[in-house]
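What follows is a short report on a single structure.
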Amino acid sequence: MIEGDKVFIRQLELGDEELLHRWRNNSQGNLYCGFKYGFLMSKESFRLQVETEIKNEDVFPPKKMFIFCKKEDLTPIGELSYRNWDKRNRSAEFGIENGEIKDRGKGYGFDALNNFIEFMFNFLNLNRIELTTLADNHKSQNLYKKLGFKKIGIMREASFDSREGTYSDVLYMDLLRKDWDLR
Ligand SMILES: CC(C)(COP(=O)(O)OP(=O)(O)OC[C@H]1O[C@@H](n2cnc3c(N)ncnc32)[C@H](O)[C@@H]1OP(=O)(O)O)[C@@H](O)C(=O)NCCC(=O)NCCS
């Protein structure tokens with residue numbers, strides 16, 4: 001369990017497919033990820049995903065998903081994950097969604113990511129954390145900048161974006177451990 005000021009972050013458990021099914025298929029919630037209709041995935045596909053994760057006995061798998069919950073009443077409100085863990089270069093990517101739209105803008109995402117970054121550096125022993133985001137996803141970029149991420153490049157028209165049925169630019173950002181330690 002990872003404990004922040006406002007959230008607890010826990011591993012996936014049986015039954016979390018209900019949450020993922022609701023959050024990922026919410027078209028409004030995923031608009032700035034370029035998924036106008038949500039992910040359109042069945043509850044069963046999320047159940048299989050959860051089942052695969054919880055059966056994994058590796059303490060350090062190359063990718064893993066987590067749920068963050070409000071500390072005050074343990075209500076699950078969002079998901080975090082790391083993936084593409086490159087063990088030689090000690091880097092990985094991450095993703096975050098505060099799935100409960102009514103609970104956005106209240107500091108939960110910041111607290112969750114702040115503590116997840118600490119976990120990625122100190123538990124996974126990463127040296128560099130990378131992310132991609134659509135170039136007009138300014139809310140998430142503000143969050144990443146607030147945590148010290150730097151813009152490192154743009155891939156032009158790299159993502160087909162269902163909002164308009166056109167290609168969107170993708171922004172790359174990263175955070176180095178030495179910069180994080182200097183905060
Ligand atoms: C990005 C996201 C995770 C932020 O979660 P949240 O719980 O709303 O974030 P917080 O309330 O902790 O806000 C943290 C910071 O994010 C930025 N932010 C959040 N909401 C914002 C808004 N409406 N407008 C501009 N910046 C915003 C701000 O920098 C904010 O810090 P501040 O309050 O000091 O200004 C959430 O909006 C989300 O899940 N979005 C949809 C999924 C997504 O885009 N994921 C990222 C894909 S790359």
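Values quoted throughout were computed directly from the atomic coordinates according to the rules given, and no laboratory measurement underlies them. Keep in mind that this is a model prediction, so the values were computed, not measured. In this analysis, Cβ positions are derived from the backbone assuming ideal geometry, glycine residues included, and neighbour counts consider all displayed protein chains.
The length gained on full extension between Met41 and Asp169, counted as 0.36 nm times the residue separation minus their Cα-Cα distance, comes to 43.6 nm. Amide hydrogen proximity for Lys71: with H placed 1.01 Å from N in the peptide plane, the residues at 5 or more positions away or on another chain lying under 5 Å are Val7, Phe8. Its alpha carbons considered, segment 1-105 gives a radius of gyration followed by a Dmax of 14.1, 40 Å.
For segment 2-182, give the magnitude of the charge dipole about the Cα centre (Cβ charges: +1 Lys/Arg, -1 Asp/Glu; no others), in debye to the nearest 20. Please report the intermediate quantities before stating the final value.
Details: 29 positive and 30 negative charges, 94 e Å.
Dipole about the Cα centre, nearest 20: 460 debye.
Phi angles across segment 93-102 convert, under the Karplus curve 6.51 cos²θ - 1.76 cosθ + 1.60 with θ = phi - 60°, into 3J(HN,Hα) values of 9, 9, x, 9, 9, 8, x, 8, 4, 5 Hz, Gly and Pro given as x.
Figure the gain on full extension for Asn127 and Arg88 (residue separation times 0.36 nm, minus the Cα-Cα span) and round it to one decimal in nm.
Computed gain between Asn127 and Arg88 is 13.0 nm.
Between Asn56, Met155, Val7, the Cα set farthest toward the positive side of the dipole of segment 2-182 (charges on each charged residue's Cβ, about the Cα centre) is that of Met155. Among Val50, Val59, Val170, the largest mean-square fluctuation in a Gaussian network model of the chain (Cα springs under 10 Å) belongs to Val59. Estimated at 0.36 nm per residue, the fully extended path between Glu118 and Lys55 surpasses their Cα-Cα distance by 20.1 nm. The simple spin-label model puts a point 7 Å past each Cα toward its Cβ; for Asp179 and Asp103 those points are separated by 3.0 nm. The value given for segment 2-182 is a Kirkwood hydrodynamic radius of 17.0 Å, derived from the mean inverse Cα-Cα separation.
Starting from segment 71-126, pick out the chymotrypsin sites (Phe, Trp or Tyr not before Pro) whose DSSP state is loop and whose Cβ has at most 16 other Cβ atoms within 10 Å.
Details: sites: Tyr82, Trp85, Phe94, Tyr108, Phe110, Phe116, Phe119, Phe121, Phe123; in loops: Phe123.
Qualifying residues, ordered by number: Phe123.
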